[in-house]
Amino acid sequence: MDWLTENKIPIGDWSETAVDWLKDNGRPFFDALSDGLDAMIDTIVWALQTPPEWVVVIAFVALTWFLQKSWKICVLVLVCLLFVINQDYWEETTDSLALVLSSCLVCMGLGVPIGIFLAHRPKAYQAVSPILDLMQTLPAFVYLIPAIVFFGLGMVPGLFATVIFVLPAPIRLTYLGVSKTPTPLLEAAEAFGATPSQRLWKVELPYAFPQIMAGLNQVIMLSLSMVVISAYVGANGLGKPVVQALGRNDPGLGFESGLAIVAVAIMLDRMLRVNK
C-alpha cells in the first residue's frame, strides 16, 4: 500500500492555501466582523454584569415565569443561579451566558432563514446536507485554528468556532419543521387565497414552531459544550477554571466549575423547553 501513501491527496496543503488566501484578501471583512461580534458580546456582558446580582436573578426568574408559567421551574432556575453565586462563579457565568446568547442570536438569525429556504428547495437541501454533516462531525478543536488566524485571541474566536459547530442544528430542525407541514393545511391556505408569504407566516412557521424552539434548545446546549473548548483561545467564562483545573490537576476546581456549567445548562434547558 506504499503507492497509496506516496500519492497522498494534499488536503492539508489545500486547506492551508485557502486559509492564507482568506487571511490576505479578507482582512477588512474579518476586522469588521470581529468588531461587530465583539460589540455584541460586550453589550450582553455589560447588561448581565452591571446590575446587582439579585436584579439579574429576579429578571431570569421573571422571564422563566413568562415563558413557562410554572412556579416549580422558577424555583429550579432560582436554585441554579443561587448555586452559581454561592460557588463564586457569577462573573464567569455571565461571560459564558454572553457567549451562549451571542451564539443563539447568530445561529438562529442565520439558521432559521436558511432552513426555510432549504425546506422549499429539497434538491438544494440534498446538496447542502453533506456540508452540514461535515460541520457537525469535524472535531470542534479544528475550528479554533482558523478562528485564531482570522480573529486572534479572545471571545470572538470562541464565538466563531461555536457558531460553525452549532449552526447545522437550527438549519436541520427548521427544515424538518417547515418541510413536514401537512399538505391539507397548505392546500386549505391556498384555497383561501393565501400568498406564499402568508402561507409561510400563518401556516408553516406556526406548525414548525416546536421544531424551531427545539433548534434553539440544541443551540444552547451545544454552545455550552463549546464553553470549555473556547477557553483555549482566550474566551472568558466557566471554561477557564476547567482548563486551569486540568493544567493543575485540581479535581476540586474542576468539579466546582463543571457543576456550575451543569447548573447553567439545566436552567436554560428548563426555561426554553416547549410544553407539548
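The values are calculated or read from the model by the stated rules, or taken from the named source; none is laboratory data. Note that the coordinates shown come from a computational prediction; the quantities given were computed from them, not determined experimentally. Methodologically, a virtual Cβ is constructed for each residue, glycine included, from the backbone with ideal geometry; neighbour enumeration extends over all protein chains shown. To get the accessible areas, we keep the full protein, side chains included, count just its heavy atoms, and leave off ligands, DNA and RNA. Shrake-Rupley method; radii C 1.70, N 1.55, O 1.52, S 1.80 Å.
A few notes on this one:
- Here the accessible area of the chain is 67 percent carbon and sulfur, with a 1.4 angstrom probe and all protein chains present.
- The residues of the chain present an accessible area of 55 Å² per residue when probed at 1.4 Å with all protein chains retained.
- Normalised by 2.2 N^0.38 Å, where N is the number of residues, the C-alpha radius of gyration of the stretch 137-215 stands at 1.60.
- Reciprocal of mean inverse Cα separation for the stretch 108-257 (Kirkwood radius, Å): 17.3
- Most fluctuating residue given options 116, 131, 148, as computed from a GNM of the chain linking Cα atoms under 10 Å: 131
- Global form of the stretch 61-160, assessed from the alpha-carbon gyration tensor, a/c cut-off 1.5: oblate
- Aspartates and glutamates whose Cα lies under 16 Å from that of residue 180, excluding same-chain neighbours fewer than 8 positions away: 204
- Residue order for 89, 232 - accessible surface, 1.4 angstrom probe, largest first: 232, 89
- Cα gyration tensor shape of the stretch 1-112, rounded if a/c is under 1.5, else prolate or oblate by comparing a/b with b/c: prolate
- Note on the chain: helix-only mean residue ellipticity at 222 nm, from DSSP H runs of 4+ residues weighted -39500 (n - 2.57) and normalised by residue number, equals -26500 deg cm²/dmol.
- For the peptides 185-193, 67-75, 162-170, 40-48, residues were scored by their other Cβ atoms within 10 Å and the scores averaged per peptide; the highest-first order is 162-170, 40-48, 67-75, 185-193.
- Rg/Rh, computed from the Cα trace of the stretch 187-276 with Rh as the Kirkwood radius, has the value 1.29.
- Relative contact order of the chain, defined on C-alpha pairs under 8 angstrom at six or more residues apart (%): 24
- Calculated SAXS-style log₁₀ I(q)/I(0) at q = 0.14, 0.18, 0.22 Å⁻¹ - the stretch 125-183, Debye, Cα scatterers: -0.48, -0.67, -0.85
- Zero-based 5 Å bins, Cα pair distances in the chain, whole percents: 1, 5, 10, 13, 15, 15, 13, 10, 8, 5, 3, 1, 1, 0
- Residue 75 paired with residue 31, simple spin-label distance in nm, labels 7 Å along Cα-to-beta-carbon: 5.6
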